[in-house]
Amino acid sequence: MDGRCTPELLIFDCDGVLVDSEPIASRVLAEALTEIGFPMTAQQAIDRYTGLSLSTVLALVAAELGRDLPADFAVRLGERDRAAFLAELRPVAGVVDVLRSLPWPRCVASSGSLDKIRCNLGLTGLLAFFEPYLFSSGMVPRGKPAPDLFLLAADRMGAPPARCLVIEDSEAGVQAARAAGMRVLGFCGGGHTRPGTADKLLAAGAGAVFSHMLALPDLLAEQGASG
């Protein structure tokens with residue numbers, strides 16, 4: 001990680017970092033795409049779309065299909081997501097204890113909608129650790145890997161980008177943080193990660209990677225972020 005200074009702000013991605021939602025969402029997306037004639041496996045959805053906003057994903061799919069998706073596709077997908085999350089969603093292992101222990105200001109900056117962020121954090125008991133400091137790609141012109149979302153979060157929270165530290169699980173998210181001039185740690189402990197994920201996050205610009213959330217406090221200290 002660049003520099004060794006205490007962060008003024010910790011910025012957490014949501015899906016795949018705080019809640020283990022990516023395997024669920026990718027399965028639901030793959031099933032929905034397959035039904036409209038765009039065959040997809042859950043793993044392919046993870047590989048192609050992790051970290052991207054839904055609007056970006058649907059635009060990519062429409063371009064590859066060569067036609068518009070059904071007008072109600074996004075709404076129906078959201079309904080299927082919510083039903084699956086209600087039945088299956090869990091917080092990432094160890095994240096509650098970590099959030100209780102970290103002393104720095106924090107916020108969430110996610111490619112999901114605000115409704116989805118609130119829903120997923122609420123279902124897993126994490127919302128109180130962050131609300132009202134929730135930032136969505138729907139609040140900026142460009143989603144990840146553009147820096148807009150992280151720069152918005154830093155501005156709203158009153159922290160210089162160079163004094164922000166981002167925790168991300170996707171290449172797009174890491175690239176966005178680096179483009180914003182922020183330090184970033186890559187988390188590769190979610191249910192969607194595969195062998196090689198850590199190397200990809202490092203190649204995208206993460207200063208270090210870790211595979212269990214309980215390692216985060218020590219990693220912050222090792223990187224000169226204690227105090």
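Just so you know, all these numbers are worked out from the coordinates, no wet-lab data involved. Everything quoted here is computed from the prediction, not taken from an experiment. Cβ atoms come from the backbone with ideal geometry, glycine included; neighbour counts cover every protein chain shown.
Below is a table of values for the structure above.
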quantity: Rounded if a/c under 1.5, otherwise prolate or oblate - the range 112-227, Cα gyration tensor axes; calculated: rounded
quantity: Within the chain, longest stretch clear of exposed trypsin sites (Lys or Arg not before Pro) (DSSP loop, no more than 16 other Cβ within 10 Å); calculated: 143-227
quantity: Angle between the chain longest axis and helix 73-88 axis [Cα atoms, degrees, rounded to 10]; calculated: 60 degrees
quantity: Peptides 167-174, 29-36 ordered by average Cβ neighbours within 10 Å, highest first; calculated: 167-174, 29-36
quantity: The range 170-227: projected area of the alpha-carbon convex hull, averaged over directions, in nm²; calculated: 4.1 nm²
quantity: Pairwise label distance in nanometres, Arg142 with Asp97, each label 7 Å out on the Cα-Cβ vector; calculated: 4.1 nm
quantity: At q = 0.19 Å⁻¹, base-10 log of I(q)/I(0) for the range 73-151 (Debye sum, equal scatterers on each alpha carbon); calculated: -0.94
quantity: Relative contact order, percent, the range 22-88 [alpha-carbon distance under 8 Å, six or more residues apart]; calculated: 37 percent
quantity: Least to most buried among Val92, Val98 (fewest other Cβ within 10 Å first); calculated: Val98, Val92
quantity: Distant alpha-carbon pairs in the range 22-88 (separation over 18 angstrom), percent; calculated: 29 percent
quantity: Cα gyration tensor, the range 157-198 - rounded (a/c under 1.5), prolate or oblate; calculated: prolate
quantity: Separation in nanometres of the label points that stand 7 Å from Cα toward Cβ, at Glu222 and Asp199; calculated: 2.0 nm
quantity: Rel. contact order, % - alpha carbon contacts under 8 angstrom, at least six apart, the chain; calculated: 28 percent
quantity: Structure-derived Kirkwood radius over Cα pairs in Å: which label, when the choices are [x] 17.1; [y] 17.6; [z] 18.2; calculated: [y]
quantity: Inter-centroid distance (Cα atoms) of the range 151-200 relative to the range 34-103, Å; calculated: 19 Å
